[in-house]
Amino acid sequence: MAFVTRDALTHALNELLKPEGFKDYCPNGLQVEGRDEIASIVCGVTANQALLDLAVSEGADAILVHHGWFWRGEREAVTGIKRQRLKTLLTHDINLFAYHLPLDAHPTLGNNAGLAKAVGWAQTGVFGEQGLGCLGTPPGGATVASVAADLEKALGRPPFVLAESMGQPIRRIAWCTGGAQSYFEAAIQAGADAFVTGEVSEPMVHLARETGVAYLAAGHHATERFGVQALGQAMADRFGIRMCYLEVDSPV
């Protein structure tokens with residue numbers, strides 16, 4: 001059975017995603033050290049207990065996620081839920097790799113790139129802090145209704161829509177996966193007719209009404225399934241190791 005060493009996999013991931021170039025809210029890369037030889041990776045969106053338990057049942061040597069641990073501002077004590085999650089990994093000698101903003105932004109393997117590919121948008125530029133937001137064009141003749149339908153088909157859930165009219169034409173679209181509602185104003189300033197992200201908060205209602213720019217919230221989890229699958233497959237192809245994506249559904 002083919003395997004890669006932990007150090008070689010860490011180097012390959014960091015070389016590809018270049019996490020040192022991002023100002024993030026968590027450590028990117030190897031977050032919890034496990035066994036040295038890795039023959040099987042389980043990928044998932046978030047390193048919750050359900051995913052850890054599934055990885056144990058799959059006999060995984062490593063877990064690769066978008067949402068890992070040790071977020072800025074969280075309690076430092078290893079108690080309760082944090083203790084149980086960490087115990088699961090250490091007991092079974094499983095490595096945990098997590099990449100947050102670097103995985104959103106990667107031009108071919110990232111969440112933003114994956115969403116655009118899934119719904120047929122052509123990217124033309126970036127906007128916002130650290131260039132994490134994307135600008136592009138939807139298929140010709142796009143409307144709010146057609147963009148919403150494309151998102152539902154690609155993600156398996158209808159988006160929440162704020163718009164003057166579902167027939168409103170969309171010629172320039174902006175997007176940023178996950179919890180990027182704070183990018184809406186920058187998307188408006190960049191000239192977008194619509195902005196797509198994962199979540200919505202109360203101020204977005206008024207911005208959409210007062211500017212006429214459509215806002216579509218398609219799900220934090222749903223919009224961020226793409227990156228870990230593409231990244232995990234890239235590592236499997238490079239090193240000949242086994243990879244599987246395990247879905248732990250989230251309604252948010």
List every residue pair whose Cβ atoms sit under 7 Å apart, with the two residues 6 or more apart in sequence or on different chains, where the first one lies in the range 74-97 and is at positive phi and in the same structural domain as ALA39 (by TED's automatic domain parsing) and the second, anywhere, is small (Gly, Ala, Ser) and modelled with pLDDT of 95 or more. ASP93/GLY34
Can you tell me how many residues within the range 11-46 are closer than 29 Å to GLY128 by Cα and either free of Cβ contacts under 8 Å to residues at least 24 places away in the same chain or surrounded by 14 or more Cβ atoms within 10 Å (Cβ to Cβ) (or both)? 21
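How many residues does the range 192-237 contain that are without any contact (Cβ under 8 Å) to a residue 24 or more places away in the chain and assigned by TED's automatic domain parsing to the domain that holds ALA118? Before the answer, list the steps.
Quick first cut of the range 192-237, residues without any contact (Cβ under 8 Å) to a residue 24 or more places away in the chain only: 195, 201-203, 206-207, 210-211, 233, 237.
Filter once more, so that each one left must be assigned by TED's automatic domain parsing to the domain that holds ALA118: 195, 201-203, 206-207, 210-211.
Number of matching residues: 8.
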Looking only at the range 190-216, count every residue that is touching a helix residue (DSSP H, G or I) at 6+ places or on another chain (Cβ under 8 Å) and buried (at least 23 other Cβ atoms within 10 Å of the Cβ) and tell me the total. 9
Given the options ALA174, ALA149, ALA142, name the one that is out of contact with any strand residue (DSSP E or B) (no Cβ under 8 Å at 6 or more places or on another chain) and assigned by TED's automatic domain parsing to the domain that holds ARG209. ALA149
Do the conditions hold for SER146, that is, is it surrounded by fewer than 21 Cβ atoms within 10 Å (Cβ to Cβ), in a loop (DSSP other than H, G, I, E, B) and hydroxyl-bearing (Ser, Thr, Tyr)? no
Considering only the range 62-128, give the helices (runs of 4 or more DSSP H) lying wholly within it that have at least 1 residues that are crowded, with 23+ Cβ neighbours inside 10 Å. 101-105, 111-119
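The values are calculated or read from the model by the stated rules, or taken from the named source; none is laboratory data. Note that the structure is a prediction, hence the values are computed from the model and not measured. Cβ coordinates were reconstructed from backbone atoms using ideal geometry, including for glycine residues, and neighbour counts include every protein chain displayed.
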